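Have a look at the structure below before the remarks.
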Amino acid sequence: MVKFSQSSRRQFLITAGVSALGVTLKGCLGNPPTRDTKSTNQATPLASLDPAQAPETKTVQLGYLPIVEAAPLIVAQEKGFFAKYGMTEAKLAKQANWGAARDNLEIGSAGGGIDGGQWQMPMPYLISEGKITKGNVKIPMYILCQLNTQGNGIAIASKHAGKGLGLKVDSTKSLFAGLKSEGTKFKAAYTYPQVNQDFWIRYWLAAGGIDPDADVELLTVPAAQTVANMKTGTMDAFSTGDPWSSRIVKDQIGFLSALTAEIWKAHPEEYLAIRGDWVDKNPKATKALLKAVMEAQQWCDNFDNRPELAKILSGRGYFNVPASVLIDPFMGKYDTGDGRTIDDKTMAALYWKDSKGSVSYPYKSHDLWFLTESVRWGFLPPDTLTNAKTMIDKVNREDIWKEAAKELGIPAADIPTSTSRGVEEFFDGIKFDPENPMAYLQSLKIKKAKV
Ligand code: CA
């Protein structure tokens, strides 16, 4: 059973046509597990802080999920970057799942929840618009930076090895049709509906002519549980961030059909977003947090640091997995488990710079893609595109990112001058021009939106 405490939330999911039966996505209300972080504080001491930039508060509660997207937050804590910029009481709180993160954000830190943290997209929009909150209450959120690009993948159960399920699935229609006719549709999972992981798996299937709504059963399962389900043979595929997707290869229960870096090189992934009321009340503290995260992102992108990064993340208080599971993907080394090997650092999770420029800067054109993709699959109504600019200008605070970057002394060449990254291209040749999202929707063969 789906256990949502609020009928409105259930209604939202049903309206959106999401199949989440057999799945528990119950938010953990109350105190999240907060890690008491005695940071190693290897950063420059607080004394160097410009008094004019001193934060209004030293405290913030940030949620994260144990996947590689969280690395900049964890590194900012463990390497003492939060403290360096005056956020000496910043706390990270591991979230049980994405529904719990949303519930804790609704509560806020005053009620034992969180002020913000790591989000899949477009969750900050869905929360700001009251689409996934209790009673559809609108809780304004601000997107402050992108945490990472790449580092995600689509994992397939071993029983489907050798059936043509690679990056391109054009030759596998009979496999999906066969399973459907036997009443055992191909089951694919993501960690939360209508956000990144759902979009990656849908894009990948639809590009090969498989209709994710008609030919597949899509459902929400927390990553750890999906691995268990794949072992027992009840799950055919899932999409999530490392280390889970690469872990199934290590554990020999599946293979990687596609890395998200192959579907869309340098694609937008997960973001740091915080409640608008917290940011409005604490503008200097917000920039202090951003500076700490930007410094952490630069540290994470130095490949000489990646063995240490894998070690930090593997800790019991964080991912609680062997560092050996993390290090290969972090170095761009993927054994996909079906005979392909990748050894290319540009394919790894990246945090500061990628082949298109800045990773950290939150491009408004990427927010528009997530909203457009939401329209494509019927998650949001078509008039979303008419109002998209207004919505994006409210939620995306690239202006704060730029102020923080300047205060941090980031070279002008590394500060984007446009809120659009321009035309994006996917592995199947489809193009998304942020100036004309409707043309993108019209170019797609498989979609729910009638455009
Ligand atoms: Ca992800």
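Structural remarks
- Helical content alone sets the calculated 222 nm signal of the chain at -10000 deg cm²/dmol, taking -39,500 (n - 2.57) per DSSP H segment of four or more residues and averaging over every residue.
- Percent of Cα-Cα distances greater than 18 Å, calculated over region 356-413: 44
- The relative contact order of region 316-402, computed from alpha carbon pairs under 8 Å that lie at least 6 residues apart in sequence, is 18 percent.
- Between region 367-419 and region 249-322, the C-alpha centres lie 19 angstrom from each other.
- Only protein atoms count toward the accessible area here, which uses a 1.4 Å probe; on region 152-263, the carbon and sulfur part of that area reaches 50 percent.
- The residues of region 269-317 have, on average, 34 Å² of accessible surface per residue, using a 1.4 Å probe with all protein chains present.
- For the chain, alpha-carbon Rg over 2.2 N^0.38 Å: 0.92
- Derived scalar couplings ³J(HN,Hα) [region 176-186; Karplus, 6.51 cos²θ - 1.76 cosθ + 1.60; whole Hz; x for Gly, Pro]: 5, 5, x, 4, 5, 5, 7, x, 10, 3, 3
- Accessible area of region 373-422 belonging to carbon and sulfur atoms, whole % at 1.4 Å probe: 54
- When each of the peptides 114-121, 358-365 is scored by the mean number of other C-beta atoms lying within 10 Å of its residues, the order from highest to lowest reads 114-121, 358-365.
- If you wrap region 152-263 in the convex hull of its Cα atoms and look at it from every side, the mean projected area works out to 6.0 nm².
- Average accessible surface for region 152-263: 31 Å² per residue, computed with a 1.4 Å probe over protein heavy atoms with every protein chain in place.
- Here the relative contact order of region 152-263, from alpha carbon pairs under 8 Å that lie six or more residues apart, stands at 46 percent.
- Per-residue extension of 0.36 nm, minus the Cα-Cα distance of residue 252 and residue 343, leaves a gain of 30.8 nm for this segment.
- Modelled this way, with points 7 Å down the Cα-to-C-beta line, the labels at residue 281 and residue 331 are 4.6 nm from one another.
- Database remark: amide H of residue 361 closer than 5 angstrom to the amide H of 146 (H placed geometrically; neighbours at sequence offset of 5 or more, or on other chains; Pro and chain starts carry no H).
- Shape of region 245-298, Cα gyration tensor, a/c cut at 1.5: prolate
- Normalised contact order of the chain, rounded percent, pairs of Cα under 8 Å and 6 or more residues apart: 19
- As a calculated quantity, the FRET efficiency between residue 414 and residue 173 at R0 = 30 Å, using C-beta atoms, amounts to about 0.10.
- Once backbone amide H atoms are built at 1.01 Å from N, residue 333 has 344 as its partners under 5 Å, excluding neighbours fewer than 5 places away on the same chain.
- Here the gap between residue 427 and residue 387, fully extended at 0.36 nm per residue and compared with their Cα-Cα distance, gives a gain of 11.5 nm.
- DSSP-assigned coil residues among trypsin sites (Lys or Arg not before Pro) in region 70-158, each with at most 14 further Cβ atoms within 10 Å: 138
- Taking only Cα atoms of region 294-370, radius of gyration then Dmax in Å: 14.3, 38
The values are calculated or read from the model by the stated rules, or taken from the named source; none is laboratory data. The model shown is predicted, which means the values in this text are computed figures rather than measured ones. As a convention, Cβ positions derive from the backbone with ideal geometry for all residues, glycine included, and neighbour counts pool all protein chains shown. Calculation scope for accessible area: heavy atoms of the full protein, side chains included, ligands and nucleic acids excluded. Shrake-Rupley method; radii C 1.70, N 1.55, O 1.52, S 1.80 Å.
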